[in-house]
Each structure stands twice: as structure tokens, then as C-alpha cells.
Amino acid sequence: MMLDKIINDILRSDDRERNDQIKGMEDGKLDDDENRDDEDILNLLPRKNLSLIEKQFPKDSGLELDEFVKTLLIHLEYDNKTDPYKRLRITLKLIDLFKEIDVNGDETMEWEEFSSYIIELGMIKKDRNI
């Protein structure tokens with residue numbers, strides 16, 4: 001449960017504090033060859049879970065960063081039994097994803113922003129495969 005505390009601390013901190021916390025962690029625990037940052041976090045999201053995730057978004061507002069991360073952590077499919085730091089790496093990637101998707105900069109993620117991003121990403125991947 002120490003890892004849960006670290007994740008909660010990271011979610012509660014601002015960008016500068018978050019970067020300091022990450023730098024302060026031991027080298028090697030967040031980096032490994034098979035889990036580089038270029039891994040597409042949304043590949044871990046089963047399509048069948050999208051309707052469940054949509055229900056987590058308030059109709060008249062959006063999810064704040066911590067709510068977004070916690071919601072996605074529940075619905076992403078990944079194995080953290082062999083690598084206890086995988087959840088932490090995924091959390092950090094979700095924070096980056098949140099910042100990338102929050103195009104209006106209001107620090108909340110509306111369903112429209114999230115679903116539009118997924119659709120656009122799917123079109124980009126489809127174009128690359130053509």
C-alpha cells in the first residue's frame with residue numbers, strides 16, 4: 001500500500017512538486033526496456049469499457065485529474081503483479097495524457113474531450129496502417 005500513497009501524493013501535487021517527487025525516486029524503478037514512455041497507454045483500454053467510463057463523467061462538468069486517473073486505472077487492463085511499479089508508471093502516463101487531452105485548459109476532462117481524442121487517435125492509427 002506504500003505505492004498507493006505515492007500515487008496519491010503525486011496526484012495531489014502541482015507540476016513542479018510532481019517532477020521533484022519523480023526525480024527523487026530511485027533510478028531504475030520507473031524505467032525498464034519493455035515499458036518505455038512511448039507505450040500507448042490507451043492500448044490497455046478495452047473498447048468494451050468505454051461505456052462504463054462514460055458513465056463516470058458528470059454530464060454537466062468533467063473529471064479532475066485525480067478522478068480521471070483513478071477512473072482509468074480501474075478500467076485499464078494491465079498486470080502489476082510481476083512489476084509493482086507498473087501502476088506508478090501508468091499513473092504518470094495518465095497524468096501526461098490528461099494534460100494532452102485537456103485542450104481547453106480548464107483542468108477538467110469532459111467526456112467530449114476524451115472521446116474525441118480517442119476517435120482522433122484511432123483515425124491517425126488507421127491512416128498510418130494504410
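The table that follows gives values for the structure above.
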| read-out | value |
| --- | --- |
| Solvent-accessible area per residue for region 64-120 (1.4 angstrom probe, square angstrom) | 52 Å² |
| Distance histogram for region 45-130 (every C-alpha pair counted, 10 angstrom bins, percent rounded to whole numbers) | 16, 47, 31, 7 |
| Region 47-127 - percent of accessible surface contributed by carbon and sulfur, probe 1.4 Å | 51 percent |
| List I74, I101, ordered by accessible area with a 1.4 Å probe, largest first | I74, I101 |
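The values are calculated or read from the model by the stated rules, or taken from the named source; none is laboratory data. Treat the numbers as computed from the prediction; the structure is a model and nothing was measured. Note: areas computed on protein heavy atoms with side chains; ligands, DNA, RNA excluded. Shrake-Rupley method; radii C 1.70, N 1.55, O 1.52, S 1.80 Å.
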